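Below: one structure, written as structure tokens.
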Amino acid sequence: MATDRGNVRACARGRWNRRSAGPGDSPRFLAGMLGVGLALLALRPVAAQANALNFLVWEWGISPDVVRAWTAMTGIAINQIVFDNGDRRDLLIANVDAPIDLAVVDSAHVQAFGERGLLLDQAGLPLPETSRSEERWRGMCGRYGVPYSWGNTGIVYRADRMKVAPQSWGDLLKPDLALAGHIAMTDDQEELLAAALNFMGRPMNSGDPGDLRRAFELLRAQSPAVLTYGLPSTAQTRRDVRGQIFIGLGGTGDQKTLNMAGAGTETWRFVTPREGAMVWTDCLVVLRRTRNPGMAERFVAFLAQADNAAANAMFLRQPTTNPHAAALLPARMREDPQIYPPADYPILYRGPFPTDSLPLRRHILSALLAIHDAQ
């Protein structure tokens, strides 16, 4: 994994659910605990650096040029703690021992973290008009977050392996026999169930037990064809699956990360399924436990500047939430259906799911992983 000089990347990987370990936990779950525990141990030296901010972010989730510009201007290093799964990110934010100053969090979870007293209120952060995002994105991030980027959940695929581009969730969830053993699904229960529910025509954040059980049956039927449950961009780095993934569940910009790992070849593509664009918004949040809130908020304001927001959008291959930044993007990017969903597709905004459905959602993911391991 490439790193920028002066940055520390501690990876929080391994399967992990949002609960404490108990005697009945599976080996997968315990392995996840070990993975996050090792990440926290790796972070201890980082916490001792006085002139640094610890930033919890998706891998390749920020432009190296923007980071270098910040450090050159302020002398403050940005230590990137990367994650590849929303559940594991949430655990690190909730863990008061994790030395994190600020983070990228999807809007569906920001309010809950804020209400638990984990985040600083950003409603009064002074931003000039050119640094302000559209109202819809500000509304999704609420008082505790500042919009960072947006995109949607869809399908990534290898154009050199598939003669016909996928168009529907059905192409992934009810695959042709030729794709058996070449599919990567996520191990994030929220994303996994959202795809199945969207294909079924149900709300992607449904808490209805009937909806969730039908989604499980759909995913269980797909399971024999699945090579691995993991983010495709992460899974393809494993020796046992390298080069074997042809299609998978991903998000806007994932094709860029996949292509970066492919020696410069542009074989990976992203497509929005015709059932609708499941739109998410990533927000910048400052954790209440930061030792330098003023500097953390200054970094948030720096990232919100139109020029930096545009640079990040071009690096991430994701849309920007800032209309002033969008005006700085090349026309080919604004017109690219891999980045901006087709205008005639339904737009479905991500929101929180009912918390009382979480036990069933966890059980569904655990059951799918157990079924897959037994095959």
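The values are calculated or read from the model by the stated rules, or taken from the named source; none is laboratory data. These figures come from a predicted structure and were not determined experimentally. In this analysis, Cβ positions are derived from the backbone assuming ideal geometry, glycine residues included, and neighbour counts consider all displayed protein chains. Heads up: the accessible areas ignore ligands, DNA and RNA and are worked out on the full protein's heavy atoms, side chains in. Shrake-Rupley method; radii C 1.70, N 1.55, O 1.52, S 1.80 Å.
Go over the candidates Gln255, Gln244, Gln222 one by one and state the one that is assigned to a helix (DSSP H, G or I) and under 22 Å from Leu177 (Cβ atoms).
Values: Gln255 fails: under 22 Å from Leu177 (Cβ atoms); Gln244 fails: assigned to a helix (DSSP H, G or I).
Exactly one residue qualifies, and that residue is Gln222.
Can you confirm whether Ala215 is touching a residue at least 40 places away in the same chain (Cβ under 8 Å), open to solvent by less than 20 Å² (accessible area, probe 1.4 Å) and over 19 Å from Arg158 (Cβ atoms)? Working first, answer last.
Working: touching a residue at least 40 places away in the same chain (Cβ under 8 Å): yes; open to solvent by less than 20 Å² (accessible area, probe 1.4 Å): yes; over 19 Å from Arg158 (Cβ atoms): yes.
In short, yes.
Quick check: is even one residue across the range 146-163 closer than 16 Å to Asp282 by Cα, in contact (Cβ under 8 Å) with a residue 12 or more places away in the chain, of a type in the set (Phe, Trp, Tyr) and open to solvent by 10 Å² or more (accessible area, probe 1.4 Å)?
Yes, the range 146-163 contains at least one residue that is closer than 16 Å to Asp282 by Cα, in contact (Cβ under 8 Å) with a residue 12 or more places away in the chain, of a type in the set (Phe, Trp, Tyr) and open to solvent by 10 Å² or more (accessible area, probe 1.4 Å).
From the residues in the range 90-125 that are in contact with a helix residue (DSSP H, G or I) (Cβ under 6 Å, 6 or more places away or on another chain) and charged (D, E, K, R), which one is least open to solvent (accessible area, probe 1.4 Å)?
Asp101
Quick one: how many residues across the range 365-375 are in contact (Cβ under 8 Å) with a residue 24 or more places away in the chain and more than 19 Å from Asp87 (Cβ to Cβ)?
Final tally of qualifying residues: 2.
Starting from residues that are in a helix (DSSP H, G or I) and open to solvent by 20 Å² or more (accessible area, probe 1.4 Å), keep the ones in the range 201-212 and report whichever is nearest to Pro354 (Cα to Cα).
Start the filter on the range 201-212 by keeping residues that are in a helix (DSSP H, G or I), which leaves 209-212.
Cutting the leftovers down to open to solvent by 20 Å² or more (accessible area, probe 1.4 Å) gives us 209-210.
On the way: Pro209: 11, Gly210: 14 Å.
Per the stated criteria, the residue is Pro209.
With the requirement that a residue be modelled with pLDDT under 95, aliphatic (A, V, I, L, M) and within 14 Å of the chain's Cα centre (by Cα), what does the range 226-261 give you?
Leu231
Any residue in the range 262-283 that is out of contact with any helix residue (DSSP H, G or I) (no Cβ under 8 Å at 6 or more places or on another chain), modelled with pLDDT under 95, open to solvent by 30 Å² or more (accessible area, probe 1.4 Å) and under 30 Å from Ile347 (Cβ atoms)?
No: the range 262-283 contains no residue that is out of contact with any helix residue (DSSP H, G or I) (no Cβ under 8 Å at 6 or more places or on another chain), modelled with pLDDT under 95, open to solvent by 30 Å² or more (accessible area, probe 1.4 Å) and under 30 Å from Ile347 (Cβ atoms).
Could you check the range 334-364 and list, in sequence order, the residues that are touching a residue at least 40 places away in the same chain (Cβ under 8 Å), of a type in the set (Lys, Arg) and closer than 26 Å to Arg269 by Cα?
Let us first name the residues in the range 334-364 that are touching a residue at least 40 places away in the same chain (Cβ under 8 Å), namely 337-339, 341-342, 345-354, 356-358, 360-362, 364.
Among the residues that remain, those that are also of a type in the set (Lys, Arg) are: 350, 361-362.
Hit for the range 334-364 is Arg350, nothing else.
When only residues in the range 309-319 that are open to solvent by less than 10 Å² (accessible area, probe 1.4 Å) and touching a residue at least 60 places away in the same chain (Cβ under 8 Å) count, which is nearest to Phe55 (Cα to Cα)?
To start, the set of residues in the range 309-319 that are open to solvent by less than 10 Å² (accessible area, probe 1.4 Å) comprises 310, 312-313, 319.
If we keep only those that are touching a residue at least 60 places away in the same chain (Cβ under 8 Å) as well, we get 312-313, 319.
Working: Asn312: 15, Ala313: 18, Pro319: 21 Å.
Ranking the candidates gives Asn312 first.
Just a yes or no: is a residue in the range 337-349 out of contact with any Gly (no Cβ under 8 Å at 6 or more places or on another chain), modelled with pLDDT of 95 or more, in a strand (DSSP E or B) and under 30 Å from Asp208 (Cα atoms)?
Scanning the range 337-349 turns up no residue that is out of contact with any Gly (no Cβ under 8 Å at 6 or more places or on another chain), modelled with pLDDT of 95 or more, in a strand (DSSP E or B) and under 30 Å from Asp208 (Cα atoms).
Looking only at helices (runs of 4 or more DSSP H) that fall completely inside the range 90-179, which ones have 1 or more residues that are more than 17 Å from the chain's Cα centre (by Cα), under 26 Å from Leu258 (Cα atoms) and modelled with pLDDT under 95?
Working: elements: 107-115, 135-141, 170-173.
Helices (runs of 4 or more DSSP H) meeting the threshold: none at all.
Within the bounds of the range 298-308, is there any residue that is open to solvent by less than 50 Å² (accessible area, probe 1.4 Å) and either closer than 17 Å to Ala194 by Cα or aromatic (Phe, Trp, Tyr) (or both)? Step through it out loud before you land on a result.
Keep residues of the range 298-308 that are open to solvent by less than 50 Å² (accessible area, probe 1.4 Å), which gives 299-304, 306, 308.
Next, from what is left, pick out any that are either closer than 17 Å to Ala194 by Cα or aromatic (Phe, Trp, Tyr) (or both): 299, 302.
Within the range 298-308 (the criterion being open to solvent by less than 50 Å² (accessible area, probe 1.4 Å) and either closer than 17 Å to Ala194 by Cα or aromatic (Phe, Trp, Tyr) (or both)), the answer is yes, since at least one residue qualifies.
Within the range 231-250, count every residue that is surrounded by fewer than 24 Cβ atoms within 10 Å (Cβ to Cβ), in contact (Cβ under 8 Å) with a residue 12 or more places away in the chain and not aliphatic (A, V, I, L, M).
5
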